[in-house]
Amino acid sequence: MGTYLFYFLIYPGFLFAAVVGAFLSWFDRKITARVQFRKGPPVLQPFYDFFKLLLVKETILPARGSKGVFLTAPVMAVFGATMAGVFILLPLLGITSGFRGDLIVIFYLLTIPSLTYVLGALASGNPLAAVGGSREMKLIMSYEFTFLLVMAGIIIKSDQSIDLYRIIQMQQEGAPFIGSASGVILFIVALFCLQAKLALVPFDMPEAETEISDGIFIEYSGTPYAMIKLSKYMLLFILPAFVIAILLNGVRLQGIGILWALLKLVAVVLLLTLIRNTNPRVKIRQAIRFFFVWMNLLAVIAIALAYFGL
Amino acid sequence: MDFKTFCFKKSLWLFHFGGASCNNCDIEILDCLTPRYDVERFGMVLVGSVRHADVLLVNGSINKKDKPRLLEIYEQAPKPVLVVAIGACGCTGGIFAEGDTFAGPVDQIIPVDAYIPGCPPKPEAILAGIVKLLGKN
């Protein structure tokens with residue numbers, strides 16, 4: 001019992017994911033600033049933002065709208081991110097949970113934060129939040145199927161295993177999955193799914209700041225917004241960690257392996273940040289077409305290649 | 001300085017309210033976010049929703065149509081919120097001070113924490129105003 005609580009609340013779970021995620025969020029902002037020839041924020045900026053929202057700012061509730069759902073949604077988002085983080089990070093850090101079907105559970109847990117954002121946005125009763133919520137719903141529907149196809153490709157590549165620990169073990173004994181043609185295609189598709197899941201720029205139409213004023217988060221202030229920021233930080237860590245686990249060989253936490261683990265994490269986040277900085281925001285229709293037609297096609301090709309062992 | 005004030009001062013999010021402005025101050029405010037001046041060094045970002053704002057940047061003369069809107073925006077912002085009046089029109093009314101539609105400078109409508117005069121103020125002047133705002137209390 002004590003060990004499980006430690007897993008959930010401190011080491012691979014809540015606290016660890018939040019702190020690493022906050023530093024990655026700083027890295028993302030710093031790289032963005034450097035790309036635009038700016039200096040960028042100080043290292044502890046995400047912590048200042050979080051504690052300011054949590055401790056200093058007033059929480060305003062919407063006059064019309066469901067206050068209970070509005071306040072519960074951010075807590076559920078943090079809960080979903082924590083649970084997904086524990087299920088991803090335990091096998092990644094070499095602690096087997098002894099659970100044989102965790103890939104499927106991770107897939108469901110990773111949708112919880114996006115779904116709760118939609119719930120919170122619709123509960124706020126703001127028309128712009130409703131626009132953002134409906135866009136987020138369409139975005140979820142378009143990328144989830146592609147994400148499922150990526151997982152199907154991974155399952156075929158790992159001899160029908162749906163155990164994340166086993167998948168990482170297989171890659172560490174043999175070659176990493178990205179070292180094959182199907183692996184490269186799956187990595188590209190997974191990267192775009194991550195971009196949409198994190199709502200980074202080509203797919204940031206749910207919160208489009210310049211267009212619908214932060215959309216789904218428009219009514220949030222104070223502590224609930226701090227919770228949303230926290231879940232965003234955690235997702236920025238656990239989603240790249242998930243891609244590292246399923247495609248990039250996992251990590252080995254001894255000697256030079258720690259450096260490799262850090263490099264892989266930073267490289268994946270760097271790729272996401274560079275995509276974010278070199279693309280304009282697309283319309284929701286274009287995003288749906290992008291995932292339904294092109295990314296699904298690529299994923300199906302990768303699955304066919306993986307079926308023939310390429 | 002205790003922990004709360006420290007975090008607040010390190011992460012001021014800006015919300016831009018333009019009154020009946022001639023757009024000169026708007027452009028100078030945007031200049032502060034560009035690579036040359038870059039206020040994100042101090043943790044400041046421009047936010048889209050007033051619910052996330054810590055600082056209201058008000059510029060332009062406030063006429064009779066702007067006044068209720070400015071009041072509503074101020075009430076919608078979560079407290080504590082700082083107000084900065086930018087430009088001659090924001091501080092005093094400037095050349096519009098005696099006009100028929102003028103509804104008073106910003107500080108007669110909402111409490112103002114810092115004044116940055118100029119027509120328009122240079123980005124350096126806006127940065128100096130921000131530094132003074134951070135040094136306050």
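The values are calculated or read from the model by the stated rules, or taken from the named source; none is laboratory data. Remember, predicted model here, so these are calculated numbers, not experimental data. Cβ placement follows ideal geometry from the backbone for every residue including glycine, while neighbour counts extend to all protein chains displayed. Just so you know, the surface numbers come from the protein's heavy atoms only, side chains and all, with ligands and any DNA or RNA stripped out. Shrake-Rupley method; radii C 1.70, N 1.55, O 1.52, S 1.80 Å.
Assorted remarks:
- So B:ASP2, is it within 13 Å of chain A (Cβ to nearest Cβ) and on the phi < 0 side of the Ramachandran plot: yes
- For segment A:1-28, residues that are within 30 Å of A:PRO42 (Cβ to Cβ) and open to solvent by 50 Å² or more (accessible area, probe 1.4 Å) total 9.
- Residue in segment B:24-49 that is farthest from B:ILE130 (Cα to Cα), counting only those that are open to solvent by 70 Å² or more (accessible area, probe 1.4 Å) and under 14 Å from the mean Cα position of the chain (by Cα): B:ILE27
- For segment B:43-78, filtered to residues that are assigned to a helix (DSSP H, G or I) and within 8 Å of chain A (Cβ to nearest Cβ), the residue that is farthest from A:VAL56 (Cα to Cα) is B:GLN76.
- Residue within segment B:2-11 that is in contact with a strand residue (DSSP E or B) (Cβ under 9 Å, 6 or more places away or on another chain) and part of a loop (DSSP other than H, G, I, E, B) present: yes
- Residue identified as out of contact with any Gly (no Cβ under 6 Å at 6 or more places or on another chain), on the phi > 0 side of the Ramachandran plot and in contact (Cβ under 8 Å) with a residue 60 or more places away in the chain among A:GLY40, A:GLY94, A:GLY65, A:GLY101: A:GLY94
- Members of segment A:41-89 found to be open to solvent by less than 10 Å² (accessible area, probe 1.4 Å), at the interface with chain B (Cβ under 8 Å from one of its Cβ atoms) and more than 24 Å from A:LEU239 (Cα to Cα), listed by number: A:LYS52
- Hey, B:GLY43 over 17 Å from A:LEU53 (Cβ atoms) and of a type in the set (Gly, Ala, Ser) or not: no
- Note on segment B:79-93: among residues that are within 14 Å of chain A (Cβ to nearest Cβ) and touching a residue at least 40 places away in the same chain (Cβ under 8 Å), the one that is most open to solvent (accessible area, probe 1.4 Å) is B:PRO80.
- All positions within segment B:94-112 that are surrounded by fewer than 17 Cβ atoms within 10 Å (Cβ to Cβ) and assigned to a loop (DSSP other than H, G, I, E, B): B:ALA97, B:GLU98, B:GLY99, B:ASP100, B:THR101, B:GLY104, B:PRO111
- Checked against the criteria, A:ALA226 does not count as away from chain B (no Cβ under 14 Å) and part of a helix (DSSP H, G or I).
- A:THR210 free of Cβ contacts under 8 Å to residues at least 60 places away in the same chain, within 14 Å of chain B (Cβ to nearest Cβ) and out of contact with any strand residue (DSSP E or B) (no Cβ under 6 Å at 6 or more places or on another chain): yes
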